[in-house]
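In what follows, a structure is listed as structure tokens, so that the remarks can point back to it.
The values are calculated or read from the model by the stated rules, or taken from the named source; none is laboratory data. Note that this is a predicted model, so its numbers are computed, not measured. When we count neighbours, we look across all protein chains shown, and the Cβ atoms used for this are built from the backbone with ideal geometry, even at glycine.
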Amino acid sequence: MKKKIFNILVLFIILSIILIAIMPIVLLFIVSFSSFWRWPDLWPVEFNIRPWKYVFSGYSGTIIAIKNSFVIAIIVNIINIIIGIPAADALARYEFKVKKLMKFILIVPIIIPPLTILMGIHKTFIGFGLTENTVGVILVHIMSTLPYMIMALEISYKNLGFKWEDAAKVIGASPFKRFLNVTLPFILPGIIAGSSLTLLISLNQYITTLFIGGGEILTLPIFMFPFISGGDKSIGAAYSILFALLSFISLWILDSFIKRHYR
């Protein structure tokens with residue numbers, strides 16, 4: 001009897017968690033197809049596709065925002081991989097005097113809120129002419145995402161060690177071939193994990209993109225926020241769903257890539 005009650009309780013808790021997780025998504029869908037939903041009405045007064053028509057209209061600028069978001073995220077990802085591979089290798093497999101200091105510097109962007117240093121970054125970027133352009137936005141996104149890439153790769157390098165590369169060296173493999181055929185396949189999960197985090201964080205950057213881009217660099221978060229904060233919640237909901245779908249598809253592509261690689 002007690003076991004049956006316990007099982008029912010566990011099932012109730014699981015269903016409650018699932019319901020809590022799904023409810024915001026359901027509400028977003030309802031809002032995105034509604035025109036008026038006033039308090040205290042339990043249901044929208046009118047349904048239509050006006051929000052979605054606006055999102056995909058030629059004058060909304062959605063396509064440009066999507067393109068900018070992904071171009072920036074992809075460039076940031078590529079740069080993070082190029083910097084992250086040697087940095088993670090050094091931190092994981094070699095000893096040097098300032099190693100602990102370097103690790104501390106690495107986690108600073110993670111533990112310190114961006115707003116606390118954003119004004120200083122903005123002032124510095126103004127001096128170098130890096131505000132209100134894509135290059136400046138890419139650089140500030142790298143600051144936010146590079147630590148995650150390095151930490152993901154560091155774990156892969158720690159697991160790799162030196163033995164497999166040493167074995168390849170013994171049979172005459174060049175440094176490039178050792179990296180291509182031994183190191184790269186081994187650290188690929190770290191690259192995928194770091195790329196996933198980089199992609200999600202870069203796509204979600206609002207404050208940093210707004211500050212450094214000065215409103216000139218339009219990304220999806222820049223488009224979404226005015227609608228979500230009170231401009232038109234129906235359009236904001238449509239943008240939120242679109243943003244979530246694009247993020248999910250991107251992660252699915254990365255996941256499919258790594259599964260195909262290890263099949």
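Have a look at I81, I110 and point out the one that is within 20 Å of G190 (Cα to Cα), at pLDDT 85 or above and out of contact with any Ser or Thr (no Cβ under 6 Å at 6 or more places or on another chain).
Of I81, I110, the one residue that is within 20 Å of G190 (Cα to Cα), at pLDDT 85 or above and out of contact with any Ser or Thr (no Cβ under 6 Å at 6 or more places or on another chain) is I81.
I'd like the full set of residues that are in contact with a helix residue (DSSP H, G or I) (Cβ under 6 Å, 6 or more places away or on another chain) and small (G, A, S), limited to segment 147-184.
Hits for segment 147-184 are A152, S156, A168.
Any idea how many residues of segment 129-165 are part of a loop (DSSP other than H, G, I, E, B) and more than 30 Å from K100 (Cβ to Cβ)?
The number of residues fulfilling the criteria is 5.
Could you check segment 169-217 and list, in sequence order, the residues that are under 18 Å from E132 (Cβ atoms) and of a type outside the set (V, I, T)?
Q205, Y206, L210, F211, G213, G214, G215, E216 - these are the residues of segment 169-217 that are under 18 Å from E132 (Cβ atoms) and of a type outside the set (V, I, T).
Please state which of the following conditions T124 fails to meet, knowing it meets all the rest: (1) surrounded by 16 or more Cβ atoms within 10 Å (Cβ to Cβ); (2) closer than 30 Å to G213 by Cα; (3) of a type in the set (S, T, Y).
Result: T124 fails condition (1) only.
For segment 208-216, indicate whether the set of residues that are among the aliphatic types (A, V, I, L, M), at pLDDT 85 or above and under 27 Å from I112 (Cβ atoms) is non-empty.
So far as segment 208-216 goes, yes, one or more of its residues are among the aliphatic types (A, V, I, L, M), at pLDDT 85 or above and under 27 Å from I112 (Cβ atoms).
Per-residue answers, yes or no, for (1) touching a Ser or Thr at 6+ places or on another chain (Cβ under 9 Å); (2) within 28 Å of L254 (Cβ to Cβ):
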| site | (1), (2) |
| --- | --- |
| A88 | yes, yes |
| E95 | no, no |
| G120 | no, no |
| K123 | no, no |
| L153 | no, yes |
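Residue by residue through segment 89-107, note down the ones that are aliphatic (A, V, I, L, M), without any contact (Cβ under 8 Å) to a residue 24 or more places away in the chain and surrounded by 12 or more Cβ atoms within 10 Å (Cβ to Cβ).
Once the filter is applied, which keeps residues that are aliphatic (A, V, I, L, M), without any contact (Cβ under 8 Å) to a residue 24 or more places away in the chain and surrounded by 12 or more Cβ atoms within 10 Å (Cβ to Cβ), segment 89-107 yields A90, M102.
Here is a check on your reading of the model: is F70 of a type in the set (F, W, Y) and not in a helix (DSSP H, G or I)?
No: the conditions fail for F70.
Being surrounded by 10 or more Cβ atoms within 10 Å (Cβ to Cβ) and part of a helix (DSSP H, G or I) is the filter here; which residues of segment 108-121 pass it?
Of everything in segment 108-121, those that are surrounded by 10 or more Cβ atoms within 10 Å (Cβ to Cβ) and part of a helix (DSSP H, G or I) turn out to be V108, P109, I110, P114, L115, I117, L118, M119, I121.
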